[in-house]
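Worksheet: the structure to be examined is printed underneath.
The values are calculated or read from the model by the stated rules, or taken from the named source; none is laboratory data. Everything numeric in this text was worked out from a predicted model, so none of it was measured. As a convention, Cβ positions derive from the backbone with ideal geometry for all residues, glycine included, and neighbour counts pool all protein chains shown.
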Amino acid sequence: MAGQFRIGYGYDVHRLVEGRRCVIGGVEIESALGLLGHSDADVLSHAIADAVLGAAALPDIGFYFPPSDESCKDIDSQEIVRRAVAEIRKLGYKVSNVDSSVIAEAPKILPHVKAMREILAKSLGVEPSDVGIKATTNEKMGWEGRREGIGAHAVCLIEKF
């Protein structure tokens with residue numbers, strides 16, 4: 001049946017700066033540099049939220065959480081993910097699974113993947129085994145390779161319930 005399953009894609013990037021926390025996938029990672037943004041700048045959670053919304057052909061997170069809205073200042077990005085899930089539920093969809101990649105020279109992501117999967121699964125309403133998180137470097141090429149920022153890509157499968 002058409003429309004039973006839909007796929008969405010999300011991408012996000014945040015600049016690395018001094019004086020900010022480094023939150024990725026809901027986990028605060030010890031780092032000399034943190035991610036700059038209006039919210040907590042959780043690049044992975046933002047990419048995932050956009051993938052969830054995109055699967056239902058809804059606007060991106062900037063529509064729901066505009067940088068001009070001071071009530072969104074420093075918001076926990078798990079709230080953004082939960083809101084994305086709530087928006088697709090209004091249309092009769094639920095998240096089936098998510099796969100994602102974080103592109104960063106530093107900090108190291110692998111030691112935190114288990115905790116990220118658990119946090120994101122709770123926000124998405126799925127099991128941790130339904131949340132894929134991979135990490136790679138940019139082989140010291142480009143802005144990610146120069147440690148100017150971190151990028152994340154995500155895909156999400158949603159299904160009618």
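When the stretch 9-21 is examined, which residues are found to be outside any strand (DSSP E or B) and within 13 Å of ARG147 (Cα to Cα)? Across the stretch 9-21, the qualifying residue is only GLU18.
Taking each residue of the stretch 144-155 that is more than 19 Å from GLY34 (Cβ to Cβ) and looking for partners that are aromatic (Phe, Trp, Tyr) with beta-carbon atoms closer than 7 Å, six or more apart or interchain, yields HIS153/TYR11; VAL155/TYR9.
Scanning the stretch 61-71 for residues that are crowded, with 18+ Cβ neighbours inside 10 Å and touching a residue at least 24 places away in the same chain (Cβ under 8 Å) yields one hit, PHE65. Give the residues of the stretch 1-60 that are among the hydroxyl-bearing types (Ser, Thr, Tyr), surrounded by fewer than 24 Cβ atoms within 10 Å (Cβ to Cβ) and under 22 Å from ALA84 (Cα atoms), sorted by residue number. Residues satisfying the conditions are TYR9, TYR11, SER39. If you scan the stretch 22-36, which residues turn out to be touching a residue at least 24 places away in the same chain (Cβ under 8 Å), out of contact with any Gly (no Cβ under 6 Å at 6 or more places or on another chain), more than 11 Å from ASP76 (Cα to Cα) and in a loop (DSSP other than H, G, I, E, B)? Result: ILE29, GLU30, SER31, LEU33.
Residues checked against (1) of a type in the set (Gly, Ala, Ser); (2) over 18 Å from ASP50 (Cβ atoms); (3) modelled with pLDDT of 95 or more; (4) out of contact with any His (no Cβ under 9 Å at 6 or more places or on another chain):
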| residue | (1), (2), (3), (4) |
| --- | --- |
| HIS112 | no, yes, yes, yes |
| ASN138 | no, yes, no, yes |
| GLY142 | yes, yes, no, yes |
| ARG146 | no, yes, no, yes |
| CYS156 | no, no, yes, yes |
| LYS160 | no, yes, yes, yes |
